[in-house]
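As structure tokens, the structure follows; a few thoughts come after it.
Read-outs throughout are calculated quantities, based only on the coordinates presented, and are distinct from any laboratory measurement. Because the structure is predicted, anything quoted here is derived from the model rather than measured. A quick note on method: Cβ atoms are made from the backbone with ideal geometry, for glycine too, and the neighbour counts reach across all protein chains shown.
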Amino acid sequence: MNKAISVEHLKYAYPGVDDTPDIVVFEDLNLQIEQGSFVAILGGNGCGKSTLAKHFNSILLPCGGKVYVYGMDTSDEEKLIAVRRCTGMVFQNPDNQIVANVVEEDVAFGPENLGFASPEIRNRVDRALKQVGMYEYREHAPHLLSGGQKQRVAIAGVIAMEPKCIVLDEPTAMLDPRGRAEVMETITRLNAEKGITVILITHHMDEAAQAQRVVVLHGGKVAADGTPEEVFSQVELLHGIGLAAPDTVELCWELNKLGFDLPLSSLDPDDCAQILYERLKV
Amino acid sequence: MLKDVTLGQYFPGKSVIHRLDPRTKLLVLIGYIVALFLAVSWASYGVVFVFLAGSIAISGIPVKSFFKGMKPLIFILVFTGILNLFFTQGETVLVHFWKITITLEGVIRAFFMIFRILLLITGTFLLTYTTSPIALTDGLESLLSPLKKIKLPVHELSMMMCIALRFIPTLIEETDKIMSAQKARGADFESGKLMQRVRALVPILVPLFISAFRRADELATAMECRCYQGGDGRTKMKLLHMRSWDYYSFLAGAVVIAAVCVLRSFGL
């Protein structure tokens, strides 16, 4: 498979203000993300999740090492627009990324910047709104929508540019459970149907569990990397860096401490219930 | 409380006036204002009034809403009326006592002034009632685009207007939230002398400004992520089109100005 994003020996530090020393985030980070995959990036506060995300489309440039997006060096200024066309970005607060006061005008913002002709923009906007299920709301004012709907509009604004990869930086952090479900359903569908590479930055374990691959960041390094089952079964490691495994895994883990011998791979409650049932039946 | 603020006062509709190109509406409005200031007699005011009344009738906007919008302006109307009534010199004295003289000319002049202001305001209301803010900024950008040649940042200005309009409801909501938060901690905005009340606003304005700057920063990043690089090379989804109705409107506007000019040349 092709590499969507390739991070090689990334070094980054936020410059200090006045006399304070620079804040070092990454010293030597390596990470490869395959085209078409769905990767969740987990980590506690201040572990550099958002900083990493901003390297994926040239908002931040590495102090050392390289970040390649579909083979393009992100620090190459001539490729800036090409890089940003490849990786779209969705942020935490939907209010602060919606530009226009009509839904469809906002979705059109990206394609308009790319200089497409009017009918092509119209097509892309309609397609994008249908993909996120917001087509009926195209003439609404964004401030009258719910949080989940606003975030879906923001996602539509990104996919109207037809990127190969979407980076979502805690897109559900400000949403209620229903909004979270809407957004998760939308992004998993985009990944499955359109083959768009999805990089989801989150601190919700249950969201990360829906990904194909989970990368745990800690102290500027990759602490764990693998399928959700592989990563979440390392419960001690997760606890050590201030994270928790999904509730189902935590339950099995606690029971194991009491002398049970349960596998730590059940990420879904039904699965977990089945395992417990089998064990208790004997 | 703050949520009741109506914005842009746009009444969505499907009338011919609604569907006119925003540029047409802006230009015809300018023509209408010129005609209004050229008008000096009953006849010429009549022509302008008929034009406005006809436009309102076509737009289908209830006349009531124009009166509603007029309320805050009553003071100015009355003030102008009184000034003209008392301070116009004339021959035919109607009332005379103490130092006050009211002349027939004064009454007529006061009436005309009030009528002129009313027509002026109603005309501009008709524009904002029938044109969405976004169409209006698009129209302005397009009309002002020749000024790009003298380095006026026309695109940037219209982008700023557009973003400002977009964020007004968001910031109002935020102000509401901050006010509730401060009230919950014992702030008092409703009692005390004027100075105390003004001072009580500081704890609202400070967090509001800080959050507005943070929002601006995030919005700028989000816009950059969506490949925004200023107005160069940017296209529009909704193109502005002049249709036959736009030409008829120009024609109607021109007829009104011509009629007023002709009447004026006959001393009417």
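Brief remarks on what is shown
- Amide H to amide H distances under 5 Å link A:Ala100 with A:Asp106, where only residues 5 or more positions off or on other chains count and H is placed in the peptide plane.
- At q = 0.13, 0.18, 0.20, 0.25 Å⁻¹ the log10 of I(q)/I(0) for the range B:85-145 amounts to -0.55, -0.70, -0.78, -0.96, computed by Debye summation with a single uniform scatterer per C-alpha, solvent ignored.
- Here the residues A:His140, B:His241, A:His9, ranked from fewest to most Cβ neighbours within 10 Å of their Cβ, fall in the order B:His241, A:His9, A:His140.
- Note on chain A: antiparallel DSSP beta bridges, both residues inside, total approximately 55 percent of the bridges counted.
- For the range B:234-242, Karplus couplings with θ = phi - 60° (6.51, -1.76, 1.60), whole Hz, Gly/Pro x: 8, 10, 10, 6, 9, 7, 7, 10, 8
- Highest GNM mean-square fluctuation among A:Phe38, A:Phe260, A:Phe91, for chain A modelled with Cα contacts below 10 Å: A:Phe260.
- Between 0 and 90 degrees, the angle of helix A:247-257 with respect to the longest Cα principal axis of chain A falls at about 20 degrees.
- If you model the range A:3-245 as an ellipsoid using its alpha carbon gyration tensor, with each semi-axis the square root of five times an eigenvalue, the axes come out at 29, 22, 17 Å, biggest first.
- For A:Ile23, the residues 5 or more places off, or on other chains, whose built amide H falls under 5 Å of its own are A:Tyr14, A:Gly16.
- Over chain A, dividing the summed -39,500 (n - 2.57) contributions of all DSSP H runs of at least 4 residues by the number of residues returns a 222 nm mean residue ellipticity of -11500 deg cm²/dmol.
- Sorted ascending by nearby beta carbons within 10 Å, beginning with the fewest, A:Ser265, B:Ser132 become A:Ser265, B:Ser132.
- Derived scalar couplings between HN and Hα for the range B:16-33 equal 4, 4, 4, 8, 4, 4, x, 5, 4, 4, 4, 5, 5, 4, 4, x, 4, 5 Hz in order, rounded to whole Hz, by the Karplus curve 6.51 cos²θ - 1.76 cosθ + 1.60 (θ = phi - 60°), x for Gly and Pro.
- Near A:Ala224, the amide H atoms lying under 5 Å from its own belong to A:Val216; only residues 5 or more places off or on other chains count, and H is placed 1.01 Å from N.
- Calculated over the range B:1-118: convex hull of Cα atoms, volume per residue (Å³): 146 Å³
- Relative to the dominant Cα principal axis of chain B, helix B:244-265 is inclined by about 40°.
- DSSP-defined antiparallel bridges as percent of all bridges, the protein assembly as shown, nearest 5: 60 percent
- Rounded Å value of the spacing that divides the Cα centres of the range B:214-268 and the range A:93-135: 22 Å
- In Hz, Karplus ³J(HN,Hα) per residue of the range A:12-22 (6.51, -1.76, 1.60; θ = phi - 60°; x = Gly, Pro): 8, 9, 6, x, x, 8, 6, 8, 5, x, 4
- Rounded tilt (10° steps) of B:154-184 against the dominant C-alpha axis of chain B: 70 degrees
- q = 0.14, 0.15, 0.17 Å⁻¹: log10 I(q)/I(0) that the Debye formula gives for chain B, counting C-alpha atoms only: -1.14, -1.19, -1.30
- Whole-percent pair-distance distribution, where bins are 5 Å wide, for the alpha carbons of the range A:93-132: 6, 25, 30, 26, 10, 3, 0
- Inter-centroid distance (Cα atoms) of the range A:258-273 relative to the range B:26-56, Å: 80 Å
- Ratio of Rg to Rh for the range B:158-225: 1.09 [Cα atoms; Kirkwood radius as inverse mean 1/r over pairs].
- Alpha-carbon Rg/Rh ratio, for the protein assembly as shown, with Rh computed the Kirkwood way: 1.11
- MRE, 222 nm, helices only [DSSP H, n ≥ 4, -39500 (n - 2.57), over chain B, to nearest 500]: -23500 deg cm²/dmol
- According to the Cα-based calculation, Rg over Rh for the range A:223-263 is 0.96, with Rh computed by the Kirkwood formula.
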